[in-house]
Structure formats: C-alpha cells, structure tokens
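The values are calculated or read from the model by the stated rules, or taken from the named source; none is laboratory data. Every value quoted in this text rests on a predicted model; they were computed, and no experiment measured them. All Cβ positions, even for glycine, are placed from backbone atoms using ideal geometry, and neighbour counts span all protein chains on display.
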Amino acid sequence: MSSLTNRTKFVFGEVWQGISRSITLTIALIATFAISLSLLGVSLLVGSQVSEMKDYWFDKVEVSIFLCTSGSDTPSCVGGPATPEQKTAIRNDLEAMQPLVAEIFFESQQDAYDRFIERFKASPISANVTPDQLPESFRIKLSNPEEFTAVVNKFLSRPGIEAVRDQRATLSKLFSVLNGLRALAFGFALAMLVVTALLVGNTIRVTAFARRREIGIMRLVGASKMALRMPFLLEAIFGAFIGGIFATGVLSLIKGYLIDQIIANSFSFTSFFGWQAVVTASLICLVSGTVLALVTAWFGIAKHLKI
Amino acid sequence: MRRVSRASPASTDNVKSGEKMIKFENVSMTYSKNGLPALSEVSFEIADGEFVFLVGQSGAGKSSVLRLLIREEKSLTGSVMIDDVDLGQLKEKDIPQLRRNIGMVFQDFRLLPDKTISENVAFALQVLNKTKAEINQTVPAVLDLVGLLDKANRRPEQLSGGEQQRVAIARALVNRPAILMADEPTGNLDPDTTVEIMRLLDQINKAGTTVIMATHDAGIVDQMRKRVIEITGGQIVRDQARGVYGYS
C-alpha cells in the first residue's frame, strides 16, 4: 500500500514537472479541450432545446378540420355548408381512428366567434365579423403528432370539409431551422474534437521530446511500458479534465444566466431545457474528453516510446 | 533469466563461478538507421564476474555489442544469450526485466539536471516501483560505495565530471544488476579522474558484478590488464586474457 502511494506521488511529481516545464503547451492543451468540449456541450444543449420545444409545442399542436360554410368556395364545398350527416360521418370516422386520435373537440360557429373576439378584441376587425362567417371545425389532438398526414389524407377534399390544417406545418419550419443549428453546432464540435486530437498528439510528442532524457533513463533501468506511458496519459487526461470543467462552467452559465435570466423572460412562448440537460451534457463532455485524451495520447506516444 | 542479485553495493564478496553468462554465437547485425553491417559473425563468451574491455575504433561495433545486450537492437542472425535466455526470442514485455539486470553507464553521464544526486539515483528505483523504505536504505549505501554520500543533496552541475560519472555508476548499480556495462565511461574525463573511475569499476567487479567496458583509451586498457576483445569492422580480431590495447 505504501508502495502504491509512493508510486502515485512519484508519477504525479513527474506529471507536474512535465506540466510546469511546458506551461504554454499545457495551457494550449487545456484551452483546446475547453473550447471543443464547450462547443460539444452547446450542441448537446441545442439538441435538448429542440427536443424540449418539440415536446412543448407538439403537446399543443392540433389538427383542425374546417367545415364548409355558405361562403366557402373550395371544390369540396360545392354542396354548400356541411350537413349534419356529413358531420356525424366525420365524427364517426375520427372516433374510429383512436388511439391515434386522442381527443376530439367540436368547435361551433359561436365558439369560433367567441374565440375570435377574445383574440382580436383590441382590433377594429372584430366589429365586422359575425358568427356565420366563421367555419365550424373539429379540433383533434393526436397521440403521435408525427402521424398527422394520416388524418390529412383521410379527410382532405372530402365533401363538406373546406380544409385540414396542421399547426405542425408551421412549426416544422422552425424545427428544421433548429435541427440545422443543432447539426451545425455538432459539426463544429466534431471538427474541434479532431483539432483537439491533433493538438494532443502534438503536445505529447513535444513533451516526449522535452523529457527524452528521463525516458531514456527509465528505459535503461527497465521501466515497464505502462510506467513509461503513464505520465503522458495522465497529462493528457489532466488537460481534458480541466477543459471539461471549463466546459461545464460555460454550460452552467448559458443555462443559469443566458437562458434563465435573459432569454426566458423575452420568449415566453416556449419552455427551455432544465438543469438535467446541463448535467447530462457536462458529463458527456467530461467523459468524451477523457476518452479522446486517452486514445490520442496512447497512440500518439506509441511511436515515440518504444521499449 | 536469473534474478539473483549479485554485487550488493556494500558487499565485498569476490564470487567468480566461471559460469558462462553472456554468449554471442555467430552474431551479425546491421545498423537500424542505414542498414549498413555493424557486426558480422561475432562469437564470444563472457563468464560470470569477468571484467572485459571491448576495444576498437569508433564505429567498429563496440556499442552494437552493448546495444544487443540490452535489446536496443536485435541481431540479424546468430544468437545473443544471457543466462541461457535468447534475447532474440525475448518478448517486448520481458525486455524491461532484462534491463533491470544490467546497469548501464555512458560517456555523457545522462543525469537529470533538475534532480539532486540522491534523487537521480532514487529515480532508477522509483520507476521500478520500489518502496520508500527500500529507496531510503539503498540510495545512501550506493552513494557511499561511490564516495559521494556527502554530496547527496547537490545537483549534477555542482559536481566535477568524475563525480558525475560516479553518480551515473551509482544509479547503474542501485538496482543490484548482475552486469555493469560502460560505454566509453572515461571519454570525457581527465587522466587522474579516469584512474579513479577505473578503480571504482574494478572494485565493483571484485564484488562480483560482471563488468563490460567499451573504450578506445589505450592507457587504461594497458594498465588494467584485463581480458580484451578487439573489434574491427564488425569482426573480432582479438580475444585475449590479460591483454593490452594494441599489439605493437
């Protein structure tokens, strides 16, 4: 046991010497890890936010089936306003589509008018609208909003139905932008990780050169392969760990300050990712940084540290 | 590989069993750098506890013999054996164990400048995971053997060349190897200091350690009257007990 602590002290002493001797290299190593892991973390947070918004919005998304009114001029409305038989048929068909169709709510012309007035009460337009101008509609919530096309296909251009609208169509544009952002951030993060791997490899090589005297002596007196490599591996892991801690700080700042203090106040239409997402992203950063450091250092040093 | 520790630094036993410890059989090798032949068909044996000079011009192949013995290089043909272990067949993971049984000293000392004398010697034990108690016991003993106990806390730069070489010898011995190899250990030293170092090596040899020294210093070879193996152009041209540097 005492030999183990003795050994640990010795190895860490050597690592510390390596770090302090090439301090600029160590700083460069930590900085690269910090930046690339932060980027990776941000891309993960963007991902969480996209999922969060999807959940939030999809929960509210409904498919609306607007029925023909006297003023409708689409081909499916040539028969005039929707008849009671048509309405019953639609409702029966919707009910047959359970469990995809989770909720059905019929909005009468009066309901539509009330909602309209409520929404536009400050606007002069509300004075010119009467209930009979607004269409009746079925408002439907889907258990899986992704499958809205099934509903659209079933009811589109059916007599008595003027239009089938899915709010998701509007949102999908937003989501495609967000998905693009997420992919971009992730791509950046990956590129930075590659750069980090190259830099780690380089730093290790320079460190090995700076320590060639020690390495030479260690080999001569019969140090094992692991004993030769350990200081380099620990140095790389040290860089990754400090860089990962920095990334965790950046992510916490983004959540605690940027999101909670600033953005959340101005954008009340959606919810934001919670601390759980920050914890997960930070852990992924720390682990992937450490693994990257280990793998790169191991292979980077193999060439320079033959037995 | 025999792991019996010979030559405990403080011991003065004079054990010479005469057993053949090192055996070169028709060894040929090329320089790994440029592929030029370094040794061709070299055969010799060195017994336990012998003192052997390897002499010859620079580039004759002396260092190649030493490098083969610590498996820095592998022979192209023939076999290099230590204690019946064929070094050519040695697995990479077993090379460190081989080197723990061989102490190595160089012309340029190879000390770590930012460590003290005792730290330099202790380094060789620390990388082998020795206990603090063992290090605290062995390092002063071996420093005492080379006569530098009073300078244990100095740094290499504060020592003379001869003293630095003695530190290097102490480091080579601290792990109690059966063989001590020295590659031009006196190449950077003045004649008086050279004599001191040779006395030390002789003393170590008398305590039971096999000593192999590569040199082209005719003076010390003539003076010591030990076995001489002369290499020229990668071939042994002379192997003589109690020899001198050159015939003429």
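A few notes on this one:
- Against the criterion of being within 14 Å of chain B (Cβ to nearest Cβ), among the aliphatic types (A, V, I, L, M) and more than 18 Å from A:K303 (Cα to Cα), A:V177 does not qualify.
- Flag if B:G35 is in contact with a strand residue (DSSP E or B) (Cβ under 7 Å, 6 or more places away or on another chain), among the small types (G, A, S) and either touching a residue at least 24 places away in the same chain (Cβ under 8 Å) or surrounded by fewer than 23 Cβ atoms within 10 Å (Cβ to Cβ) (or both): no
- When restricted to residues that are within 36 Å of the chain's Cα centre (by Cα), in contact (Cβ under 8 Å) with a residue 12 or more places away in the chain and either under 25 Å from A:T130 (Cα atoms) or outside any loop (DSSP other than H, G, I, E, B) (or both), segment A:89-105 contains 6.
- Listed by position, the helices (runs of 4 or more DSSP H) inside segment A:196-307 whose residues that are under 27 Å from the mean Cα position of the chain (by Cα) and surrounded by fewer than 21 Cβ atoms within 10 Å (Cβ to Cβ) number at least 2 are A:225-253, A:275-302.
- Selection within segment B:38-54 - buried (at least 20 other Cβ atoms within 10 Å of the Cβ) and small (G, A, S): B:A38, B:G49
- Failed item, numbered, when B:I135 is tested on (1) crowded, with 19+ Cβ neighbours inside 10 Å; (2) closer than 18 Å to B:F53 by Cα: (2)
- The set of residues in segment B:59-75 being modelled with pLDDT of 90 or more, more than 12 Å from the chain's Cα centre (by Cα) and of a type in the set (A, V, I, L, M) consists of B:L68 alone.
- Considering A:I23, A:I30, the condition of being more than 14 Å from every other protein chain (Cβ to nearest Cβ), buried (at least 19 other Cβ atoms within 10 Å of the Cβ), closer than 23 Å to A:F238 by Cα and of a type in the set (A, V, I, L, M, F, W, C) is satisfied by A:I30 alone.
- On inspection, B:S40 passes the criterion of being more than 20 Å from the chain's Cα centre (by Cα) and touching a residue at least 60 places away in the same chain (Cβ under 8 Å).
- B:T77 meets all of the listed conditions (1) surrounded by fewer than 17 Cβ atoms within 10 Å (Cβ to Cβ); (2) polar (S, T, N, Q); (3) within 14 Å of another protein chain (Cβ to nearest Cβ) but one, namely (3).
- Being under 23 Å from A:T170 (Cβ atoms) and of a type in the set (V, I, T) is a property that does not hold for A:I90.
- One residue from B:A182, B:A141, B:A172 being in a helix (DSSP H, G or I), surrounded by 19 or more Cβ atoms within 10 Å (Cβ to Cβ) and not charged (D, E, K, R): B:A172
- Number of residues in segment B:84-111 that are of a type in the set (S, T, N, Q), within 9 Å of chain A (Cβ to nearest Cβ) and surrounded by fewer than 20 Cβ atoms within 10 Å (Cβ to Cβ): the value is 1.
- Residue check, A:T69 in contact (Cβ under 8 Å) with a residue 24 or more places away in the chain, in contact with a Gly (Cβ under 8 Å, 6 or more places away or on another chain) and over 30 Å from A:A185 (Cβ atoms): no
- Cross-chain or 6+ apart pairs with Cβ under 8 Å, segment A:130-155 first and within 22 Å of A:T88 (Cβ to Cβ) and free of Cβ contacts under 8 Å to residues at least 24 places away in the same chain, then surrounded by fewer than 21 Cβ atoms within 10 Å (Cβ to Cβ) and hydroxyl-bearing (S, T, Y): A:P131/A:Y113
- Condition check for A:L67: at pLDDT 80 or above, more than 30 Å from A:A163 (Cβ to Cβ) and either touching a helix residue (DSSP H, G or I) at 6+ places or on another chain (Cβ under 9 Å) or assigned by TED's automatic domain parsing to the domain that holds A:E162 (or both): no
- For segment B:112-147, taking the residues that are under 24 Å from B:R67 (Cα atoms) and touching a Leu at 6+ places or on another chain (Cβ under 9 Å), the one that is farthest from the other protein chains (Cβ to nearest Cβ) is identified as B:V121.
- Hits in segment A:77-97 - residues which are touching a strand residue (DSSP E or B) at 6+ places or on another chain (Cβ under 6 Å) and under 10 Å from A:P159 (Cα atoms): A:C77, A:A82
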